[in-house]
Amino acid sequence: MLQSRVIGRSISRAAVQLARPAISAVGVRFNQVSSQSSAIKDESSSLNASVDVTGNRSNKTENDSGKRSDTQKKNGRKHIANRKLRDISAQVKSSVDSANVGEISEAIDILEEGISYLREIQEVERLPSELLYSVFQPITATLFDKITADGANLGSRSVSDVLTMLVEQGLAHNYHFMRTVEHVLRNSAGDESYSKVLQIWLQYLQYSKEVGVGRMNYMIQQPYLVYKERNFDSRDLKNLAFFAYVMHCLNANVEYNVKDAMKILQIQDSSRVPERFHVVSTIKRLGLQEPLKSDLSTFERKINELNTKSMDPNGALVTRRIEQAIQQNNPIMLNNLYEQMKASSVANDIQISEATLNRIMNAYIELHSFGDVIDIFRSFLQSSAKPSVATWDLVLKALGHPSNVNGMDAAEKKKMAENIEATINSMIASGIAMNARTLAIVVGCFANLGRFDLVDKYLKQYESVPIVHLTRNNILVGLVLNKDVAKAEKQLKDFAKEDPTYQPSTGVMNAFLSHYVSVGNNEAVEGIINYMRQNGIEEDVGTTTTFINYYFKMYRNKGKVPDVAGLLKELSNASMPINQFTVTSIVDGLAKDGVNLEAARSVFNYFSKENSRFKYNTGLLTTMIKAELDFGSLHNAEELFAIYITNLKNDTRAWNMMIAALLAKKEKIALEYYEKLLQQRPFNVKPNYFTYYYMLDHFVKTGNEKRIQWTLDEIAKADLQDMGNVLPRRIHSLRHKFNVSPALKEKISKRHNNL
């Protein structure tokens with residue numbers, strides 16, 4: 001056991017210069033230890049600090065040009081060649097690993113002595129800073145587990161002191177700052193804790209500026225294996241700093257200012273200021289919701305007020321957030337944004353423009369929330385506005401979208417065709433002329449419904465309107481969707497002969513691919529793939545999803561287990577990187593309509609284990625919950641739902657998702673979820689008009705009059721401030737047959753008269 005100790009909280013550079021004799025003495029001791037333990041081998045599990053860096057960078061640490069390598073592979077494991085570094089790091093690791101939480105101060109001293117000595121001999125031994133940094137990350141990760149544990153005895157030091165020591169020795173990582181902030185928030189109260197958090201954040205910024213140059217720029221915040229195992233997310237630190245700044249302003253009665261927040265967070269674009277739900281997600285995932293319970297509620301309320309007050313519903317920030325919701329396949333994010341836009345429109349007396357509504361409608365189509373598109377269009381008409389052709393196009397696209405009509409029975413398809421024709425007639429009556437794009441969308445609607453008689457009717461009726469490539473693509477997709485693949489293949493050849501410039505879209509090729517994969521025609525699958533590559537047809541997420549489905553089936557037919565990691569690596573390319581957005585789309589595509597739930601689960605599980613950003617991604621988690629509810633295991637769905645509300649956000653929409661999906665399958669369990677939702681009121685989470693519409697609609701369809709009356713009574717007790725559009729209409733239709741409370745009857749009568 002080492003006897004000498006470096007006294008004090010940390011060693012500054014000046015102190016190191018003054019303490020050379022003492023450090024030299026320590027060096028003698030370490031040299032002695034090194035000589036006595038030359039046979040000791042490093043343990044790869046502790047010293048393997050492989051960095052998970054995106055791009056083409058190697059995961060191994062390399063020395064500067066001209067210097068010998070200090071790490072070698074031995075039996076497939078990383079071996080530290082420099083004997084002093086190997087032996088000292090092994091001794092420090094042993095000390096940290098064996099230390100009890102109640103007696104951790106000695107291990108801290110040994111770490112400080114060890115790294116101080118290595119810094120002293122670094123130049124002579126030609127030890128790269130990156131190597132020292134990587135070797136000590138697993139050790140310091142374990143150390144922080146222990147010093148932040150309940151009952152930890154750090155002697156005269158605090159957790160912040162240990163962080164400062166790592167900063168001055170150039171060993172600190174974003175993770176260490178985050179754990180220190182977490183410790184402060186868990187163990188301190190009020191504004192004192194928020195001031196400390198901001199001090200730590202400023203310390204991190206200064207450290208990043210001084211140390212974060214060259215390769216160290218990404219090393220101090222990238223997920224080493226030991227940090228990935230601890231669910232590390234480099235965004236957590238900034239999210240907590242933002243939370244602390246807002247709360248500090250509120251406690252000090254200082255007005256919160258976005259520009260000041262941007263300066264403190266060191267960001268240039270206001271859209272990069274952490275979103276409320278990202279901050280809340282971080283707090284819940286770190287288990288801080290209980291100690292911060294009251295302040296968290298205040299934070300959410302204040303941010304909502306500020307966002308509403310400052311938001312331009314037609315601004316660039318809104319446009320970016322719409323795009324983010326699409327990228328993340330996150331309908332909840334889009335719903336929240338749209339509600340905030342409407343509130344901002346009223347508060348600031350700024351009307352939401354038709355162009356902005358079109359962006360929202362298009363986003364809902366991308367997210368397959370077709371009912372929301374119709375609701376927006378209906379509200380737009382009620383405002384006495386006259387829709388442009390772009391708005392009519394979006395409504396028609398939503399009505400006849402393949403994912404909207406697929407699975408409809410004959411009666412439902414007949415009714416949908418009538419609705420589409422009525423919409424077309426209304427558009428023409430409003431003075432909008434049929435153009436090439438609108439005709440292409442109309443043709444696509446009827447082709448998807450299998451109504452090629454109506455396709456011919458409208459092509460003949462508007463024969464003066466040019467037929468464009470989109471029209472041809474939509475006809476082909478409709479033929480494949482309705483299983484008339486032979487005719488689709490012939491039609492494709494005819495289109496190519498008629499117009500040599502015609503090339504089928506990626507969507508058309510994906511439709512063919514999906515069909516051939518579903519029927520097991522491997523030869524045709526390979527033919528389509530080759531055709532796409534020979535003709536330069538871009539592969540997208542849909543193509544990748546179909547590939548995965550294809551390969552899973554191929555592997556299973558051969559009795560093999562698919563290699564998810566290898567497959568995704570093979571399929572990824574520069575035009576379509578594998579990130580949390582594409583992974584969500586892939587899982588959604590595999591899970592949709594029960595295409596290949598096994599493959600969806602495998603992809604989801606692989607990425608969830610690989611990185612906490614996938615595991616705690618709202619869109620990905622929601623997609624998988626819906627897949628399990630619709631086509632898989634209720635048990636799996638409930639486990640994922642528990643992860644969602646515990647670590648991401650306990651919100652009404654998540655509960656509604658469970659209730660709506662379970663009503664038709666497990667009515668009793670759906671009602672149990674409703675009762676649990678009622679118990680969330682202390683957390684400001686309660687049923688809304690969607691909750692009651694789902695229940696009322698279900699009981700009307702099943703003819704359960706007892707439950708209809710019960711639901712009406714529940715609605716009356718809830719005293720909803722916002723009734724929406726569809727719920728009042730439904731209640732209004734039931735008012736003569738069922739008992740509706742006078743207050744509710746008056747409320748829905750007023751609302752119904754305005755609809």
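The values are calculated or read from the model by the stated rules, or taken from the named source; none is laboratory data. Just so it is clear, the structure is predicted and the values come from calculations on it, not from any experiment. In this analysis, Cβ positions are derived from the backbone assuming ideal geometry, glycine residues included, and neighbour counts consider all displayed protein chains.
Each residue in region 614-645 was checked for being farther than 30 Å from Trp710 by Cα and in contact (Cβ under 8 Å) with a residue 60 or more places away in the chain, and 7 pass.
A single member of Ala433, Ala398, Ala411, Ala429 is buried (at least 17 other Cβ atoms within 10 Å of the Cβ) and on the phi < 0 side of the Ramachandran plot, and it is Ala398. With respect to being within 26 Å of Phe607 (Cβ to Cβ), surrounded by 16 or more Cβ atoms within 10 Å (Cβ to Cβ), at pLDDT 85 or above and of a type in the set (Ser, Thr, Tyr), Ser234 fits the description.
Residues in region 427-436 that are farther than 16 Å from Tyr462 by Cα and touching a Leu at 6+ places or on another chain (Cβ under 9 Å): none.
Within the option set Ala429, Ala363, being free of Cβ contacts under 8 Å to residues at least 60 places away in the same chain and within 30 Å of Gly619 (Cβ to Cβ) holds for one residue only, Ala363.
With respect to Ala385, is the statement that it is among the small types (Gly, Ala, Ser) and buried (at least 20 other Cβ atoms within 10 Å of the Cβ) true? Against the criterion (among the small types (Gly, Ala, Ser) and buried (at least 20 other Cβ atoms within 10 Å of the Cβ)), Ala385 does not qualify. Tell me whether region 217-239 contains one or more residues that are more than 23 Å from the chain's Cα centre (by Cα) and free of Cβ contacts under 8 Å to residues at least 24 places away in the same chain. Checked region 217-239: at least one residue is more than 23 Å from the chain's Cα centre (by Cα) and free of Cβ contacts under 8 Å to residues at least 24 places away in the same chain.
Counting only residues that are among the small types (Gly, Ala, Ser) and touching a helix residue (DSSP H, G or I) at 6+ places or on another chain (Cβ under 7 Å), region 454-499 holds 2 of them. In region 299-318, the residues that are modelled with pLDDT of 85 or more reach residues that are loosely packed, with under 15 Cβ neighbours inside 10 Å with C-beta atoms within less than 6 angstrom, at least six apart or across chains, in these pairs: Asn314/Ser353. Residues considered: Ile200, Ile121, Ile115. Of these, the only one that is among the aliphatic types (A, V, I, L, M) and at pLDDT 95 or above is Ile200. Looking across Glu498, Glu523, Glu538, Glu489, one residue alone is touching a residue at least 24 places away in the same chain (Cβ under 8 Å) and surrounded by fewer than 19 Cβ atoms within 10 Å (Cβ to Cβ). It is Glu538.
Restricting attention to region 95-123, which residues are of a type in the set (S, T, N, Q) and either assigned to a helix (DSSP H, G or I) or in contact with a Ser or Thr (Cβ under 9 Å, 6 or more places away or on another chain) (or both)?
Looking only at region 95-123, we keep the residues that are of a type in the set (S, T, N, Q), and these are 95, 98, 100, 105, 116, 122.
Once the filter is applied, which keeps residues that are of a type in the set (S, T, N, Q) and either assigned to a helix (DSSP H, G or I) or in contact with a Ser or Thr (Cβ under 9 Å, 6 or more places away or on another chain) (or both), region 95-123 yields Ser95, Ser98, Ser105, Ser116, Gln122.
Quick one: which of Tyr133, Tyr117 is within 31 Å of the chain's Cα centre (by Cα) and touching a residue at least 40 places away in the same chain (Cβ under 8 Å)? So that I can check it myself, show each step before the final result.
Details: Tyr117 fails: within 31 Å of the chain's Cα centre (by Cα).
Just a single option satisfies the conditions, and that option is Tyr133.
Here Leu127 fulfils each of the conditions (1) in a helix (DSSP H, G or I); (2) over 27 Å from Leu286 (Cα atoms) apart from (1).
Among all residues of region 242-264, there is at least one that is among the small types (Gly, Ala, Ser), out of contact with any helix residue (DSSP H, G or I) (no Cβ under 6 Å at 6 or more places or on another chain) and either touching a residue at least 24 places away in the same chain (Cβ under 8 Å) or within 20 Å of His183 (Cα to Cα) (or both).
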